[in-house]
Amino acid sequence: MTLAKSEPNQLDKIDTKLPKLNTTQQHGHLTHLREPQMTCPPPVSEEEMRQAVRTLLLGLGEDPDREGLKDTPKRVVKALKFLTSGYHQSLDELLNGAVFHENTDEMVLVRDIDLFSSCEHHILPILGRAHVAYIPDGKVIGLSKIARICEMYGRRLQVQERLTAQIADALQGLLQPKGVAVVVEASHMCMVMRGVQKPGSWTSTSAVRGVFANDAKTRQEFMSLIRHNPALR
């Protein structure tokens, strides 16, 4: 298992040119395109979004013109844009060339990645962490890019099951490794603050690809490594 990136090796017989990927999100599926897509303008203006927040405040019985709420529509729109900024990011931009040829086939694990997302049903926070592992097959990715991939998909309106699969499929598509394993553990504020109101409840989801799906021993090694308490703190 590798916990930090190893020193680069000079491989004589390997093509050092990596394909240029343009990866976008369409209907929840990962798509690799050769030509960049045009970005469509938003269907509503920022001012229309602010007016919608103002309408919500009126519907709640509040006075949007009082001192404490006067700038709330602007702040809410700004916050929502930040929390869903993953819609406007692509894997190409995040990677920035940080995929390298490396002659290794040992597990690489990045665990306890803080994760913040928003439930698409109530637009309430999902707070948790992700554990991501892969077994290289000639290519590795910069370790920070794994966290950035989690962040990109997290900053969208999500369900945890889809988020977990998207992270796994992104790594599988980018690196074509021998296998990928992702576990996400999170607390959903839609269960804590409303509805059944169960503080302390956690949801765990997993997505396994390749050797992690086919080999119980490899899968068990991954699960045992994410079970113990982190020691590097």
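The values are calculated or read from the model by the stated rules, or taken from the named source; none is laboratory data. Given the structure is predicted, the values throughout are model-derived calculations rather than measurements. Don't worry about glycine lacking a Cβ; one is built from the backbone with ideal geometry, like all the others, and counts go over all protein chains shown. Only protein heavy atoms, including side chains, enter the accessible area calculation; ligands, DNA and RNA are left aside. Shrake-Rupley method; radii C 1.70, N 1.55, O 1.52, S 1.80 Å.
T104 - would you say it is among the hydroxyl-bearing types (S, T, Y), open to solvent by 10 Å² or more (accessible area, probe 1.4 Å) and within 23 Å of M223 (Cβ to Cβ)? Yes: the conditions hold for T104. A single member of L83, L127, L115, L91 is closer than 25 Å to Q220 by Cα, open to solvent by less than 80 Å² (accessible area, probe 1.4 Å) and in contact with a strand residue (DSSP E or B) (Cβ under 7 Å, 6 or more places away or on another chain), and it is L115.
Restricting the range 65-80 to residues that are open to solvent by 100 Å² or more (accessible area, probe 1.4 Å) and assigned to a loop (DSSP other than H, G, I, E, B) leaves a set whose member that is farthest from R155 (Cα to Cα) is R66. Cβ-Cβ distances below 7 Å connect the following pairs, each with a first residue in the range 175-199 that is over 15 Å from H121 (Cα atoms) and touching a residue at least 24 places away in the same chain (Cβ under 8 Å), a second residue that is of a type in the set (D, E) and open to solvent by 10 Å² or more (accessible area, probe 1.4 Å), and a separation of six or more residues or different chains: Q176/D137; P177/D137; K178/D105; K178/D137. Going through (1) at pLDDT 95 or above; (2) under 19 Å from Q176 (Cα atoms); (3) among the hydroxyl-bearing types (S, T, Y) one by one, T104 falls short only on (1). Against the numbered list (1) out of contact with any Ser or Thr (no Cβ under 9 Å at 6 or more places or on another chain); (2) modelled with pLDDT of 95 or more; (3) open to solvent by 20 Å² or more (accessible area, probe 1.4 Å), Y134 comes up short only at (3). Residue pairs whose Cβ atoms lie under 8 Å apart, sitting 6 or more positions apart in sequence or on different chains, and linking a residue in the range 75-104 that is within 20 Å of K145 (Cβ to Cβ) to a partner that is in a loop (DSSP other than H, G, I, E, B) and hydroxyl-bearing (S, T, Y), are H88/T39; H101/T16; E102/S6; T104/S6. Based on what the data block shows, is E35 at pLDDT 95 or above and surrounded by fewer than 11 Cβ atoms within 10 Å (Cβ to Cβ)? Against the criterion (at pLDDT 95 or above and surrounded by fewer than 11 Cβ atoms within 10 Å (Cβ to Cβ)), E35 does not qualify.
Please work out if L109 is in contact with a Gly (Cβ under 8 Å, 6 or more places away or on another chain) and open to solvent by less than 30 Å² (accessible area, probe 1.4 Å). Before the answer, list the steps.
Working: in contact with a Gly (Cβ under 8 Å, 6 or more places away or on another chain): no; open to solvent by less than 30 Å² (accessible area, probe 1.4 Å): yes.
The answer is no for L109.
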